[in-house]
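The values are calculated or read from the model by the stated rules, or taken from the named source; none is laboratory data. Because the structure is a prediction, the values reported are computed rather than measured. No Cβ is skipped: glycine too gets one built from the backbone with ideal geometry, and neighbour counts run over all protein chains shown.
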């Protein structure tokens, strides 16, 4: 029996001209393809003149599908996994299935390809030596406040996926925590017909992107210069944590350590802020 394997395939994020020969061959030679959205993948396969059975694998059924997928690989099948666009597992399903196949002792390989993350970093001009990927920001509450406060003091460029419906709010909240002068790149519909790349400050971005937009959006927030973090900046970041439900003492300790400011001074400023609110 031919030894089975799982092939993790990156698919185009918009422009079908980005389909590589290796991707085309891998999909055409697969015994079955597991897709985040079978309808969307069916259109891709049709354009590539490929006919292979499709099975769904999305967040809601990934656990169940993983067992099925492992069995197919164990039976000697070549199984491909794709998401709607880009590389599976990058803010998309797939990690559970990949881990299950690997833990079962089978081969997992990947076909590299287009990525909104690396493309956005490249066109931002902020440099790609060191950057972090945050995915989508939490929608509300303490988790969102914690994430924003951490991003405020991040010394590396930060890549963030933004829903077109929440872009204006995300930019406004980032400005509120990071300040209006922080650099940001707003990239939209990368590789597609209406591709747009805008680079400026958060203050200007908030004014430009007030309305809901269409298409996929990826933000790249410029890095902060930790040497330039003032006590006022640290207070703003710590207050975001407090607003999200973090105790004042814990917020002061966390932010002071990252920003290199006095914990006692930061704690006192937070207390004063509570008293005047």
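Could you name every one of the strands (runs of 3 or more DSSP E) located completely within the range 27-129 that has at least 2 residues being in contact (Cβ under 8 Å) with a residue 24 or more places away in the chain?
Passing ranges, in order: 32-35, 78-82, 107-111.
Return the total of residues in the range 217-234 being within 26 Å of the chain's Cα centre (by Cα) and at pLDDT 80 or above.
9
Looking at the range 59-84 only, could you name the residues that are modelled with pLDDT under 95 and either over 28 Å from the mean Cα position of the chain (by Cα) or under 17 Å from residue 10 (Cα atoms) (or both)?
Matches in the range 59-84: 84 only.
As an exercise: evaluate residue 112 against (1) modelled with pLDDT of 95 or more; (2) exposed (fewer than 14 other Cβ atoms within 10 Å of the Cβ); (3) more than 23 Å from residue 161 (Cα to Cα) and give the number of the one condition it does not meet.
Result: residue 112 fails condition (3) only.
Given the options 132, 186, name the one that is in contact with a helix residue (DSSP H, G or I) (Cβ under 7 Å, 6 or more places away or on another chain) and not assigned by TED's automatic domain parsing to the domain that holds residue 270.
One residue alone meets the criteria, 186.
Given the criterion out of contact with any strand residue (DSSP E or B) (no Cβ under 7 Å at 6 or more places or on another chain) and under 27 Å from residue 188 (Cα atoms), identify the matching residue among 8, 64, 59, 82.
Selected residue: 59, the only one of 8, 64, 59, 82 that is out of contact with any strand residue (DSSP E or B) (no Cβ under 7 Å at 6 or more places or on another chain) and under 27 Å from residue 188 (Cα atoms).
Any idea how many residues of the range 27-50 are farther than 29 Å from residue 217 by Cβ and in contact with a strand residue (DSSP E or B) (Cβ under 8 Å, 6 or more places away or on another chain)?
The number of residues fulfilling the criteria is 4.
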